[in-house]
Amino acid sequence: MRKAIADVKIDEIEKLVKELINEGADPVQVLEEGITKGLYDLGDKFEKRKVFIPDLIKVSKTVTKCIDGIIKEALPKEKAKIPKKIVIGTMTSQHNIGKNLVSLFLTINGFEVHDIGEGCSPWDFYENAQKIGADMIAVSCVFMPALTKFAELIDILKQLKVRDKYKILVGGAVTTKQWAEEVGADGWAKDAADAVKVAKELLGLK
Ligand code: B12
């Protein structure tokens with residue numbers, strides 16, 4: 001399946017996801033080993049000009065359809081509610097597959113998630129967090145320009161003297177744990193399952 005994604009074999013992707021899930025494969029492993037790695041491989045091919053924007057669009061539409069349908073169905077059902085509010089969005093870019101996965105995993109694990117979508121600015125995160133009284137701001141940074149915007153968000157919160165009101169969790173393909181620490185985030189996670197773990201730790205939950 002990873003190869004089918006990287007090779008833009010649209011007809012095969014959905015068929016393979018169905019087969020894997022029906023045969024009892026772990027949906028989290030399908031997401032991490034198949035879908036995410038396949039999309040990263042696709043990104044490498046895009047950089048080398050072996051595939052182009054229309055290919056990325058076609059594959060992401062198919063993958064999103066598979067996640068929203070077959071995979072969501074196979075994931076564990078929502079656990080007991082946790083009274084913690086999380087604002088999540090993608091900083092500047094339109095990439096939303098990773099953010100949607102993190103949002104889904106946090107929701108399944110009981111958090112009250114407010115997904116503010118894609119193409120968000122630092123102010124969008126701040127205003128929405130204020131409006132809903134969030135406990136945490138979770139930011140997805142998938143391409144480079146998002147990194148400086150994330151630093152701006154931290155600055156805005158500091159200048160408005162509200163930095164300590166929120167735990168800030170960051171992640172996404174262009175981020176690293178070291179960068180997150182240096183820029184002043186409270187936590188960083190490598191994938192959706194890890195995001196749940198780190199969010200719980202930061203909010204003092206076990
Ligand atoms: C699909 C794709 C697109 C699709 C997106 C469709 C969609 N609905 O998302 C489309 C075609 C729109 C697109 C457009 C562009 N893209 Co693009 N795209 C990709 C691609 C191939 C896959 C992204 C993806 O979905 N990955 C799979 C998900 C599951 O992984 P993820 O996002 O990393 O998320 C996981 C973790 O990082 C983490 N995580 C993610 N968010 C968060 C948040 C928190 C809080 C936490 C804790 C964790 C976390 O958990 C997730 C689940 O495990 C990547 C390649 C790559 N390496 O990522 C390029 C890539 C990101 N794109 C790239 C580029 C350059 C672009 C364009 C600028 C191209 C152009 N010339 O127009 C535009 C930008 C458009 C815009 N303004 O946003 C570059 C970015 C380069 C850079 N270093 O900045 C990449 C890396 C490709 C490359 N190698 O060149 N793209």
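Figures for the structure shown
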item: Test result for residue 133, touching a Cys at 6+ places or on another chain (Cβ under 8 Å) and either among the hydroxyl-bearing types (Ser, Thr, Tyr) or at pLDDT 95 or above (or both); result: no
item: Pair list, Cβ < 8 Å and 6+ apart or interchain, from the stretch 188-206 residues that are among the basic types (Lys, Arg) to residues that are near the ligand (Cβ under 7 Å from one of its atoms); result: 190/171; 197/189
item: Which numbered condition residue 55 misses (of (1) in contact (Cβ under 8 Å) with a residue 24 or more places away in the chain; (2) among the acidic types (Asp, Glu); (3) closer than 30 Å to residue 168 by Cα); result: (3)
item: Residue list for the stretch 50-77, filter: basic (Lys, Arg) and either under 13 Å from residue 17 (Cα atoms) or touching a Gly at 6+ places or on another chain (Cβ under 7 Å) (or both); result: 65, 72
item: Residues located in the stretch 100-130, provided they are away from the ligand (no atom under 13 Å from the Cβ), in contact with a strand residue (DSSP E or B) (Cβ under 9 Å, 6 or more places away or on another chain) and in a helix (DSSP H, G or I); result: 107, 122, 124, 126, 128, 129
item: Candidate set: the stretch 132-164, residues that are under 10 Å from residue 87 (Cα atoms) and either surrounded by fewer than 18 Cβ atoms within 10 Å (Cβ to Cβ) or among the aliphatic types (A, V, I, L, M) (or both); chosen: the one nearest to the ligand (Cβ to nearest atom); result: 138
item: Residues being in contact with a helix residue (DSSP H, G or I) (Cβ under 7 Å, 6 or more places away or on another chain) and not in a loop (DSSP other than H, G, I, E, B) - total across the stretch 180-200; result: 8
item: Lone qualifier among 61, 65, 48 - being surrounded by fewer than 16 Cβ atoms within 10 Å (Cβ to Cβ), farther than 27 Å from residue 120 by Cα and either modelled with pLDDT of 95 or more or out of contact with any helix residue (DSSP H, G or I) (no Cβ under 6 Å at 6 or more places or on another chain) (or both); result: 48
item: Subset of the stretch 165-179 (residues that are in a helix (DSSP H, G or I) and surrounded by fewer than 16 Cβ atoms within 10 Å (Cβ to Cβ)); result: 165, 177, 178
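The values are calculated or read from the model by the stated rules, or taken from the named source; none is laboratory data. Computed from a prediction, not measured in an experiment: that's the story for all the values here. Methodologically, a virtual Cβ is constructed for each residue, glycine included, from the backbone with ideal geometry; neighbour enumeration extends over all protein chains shown.
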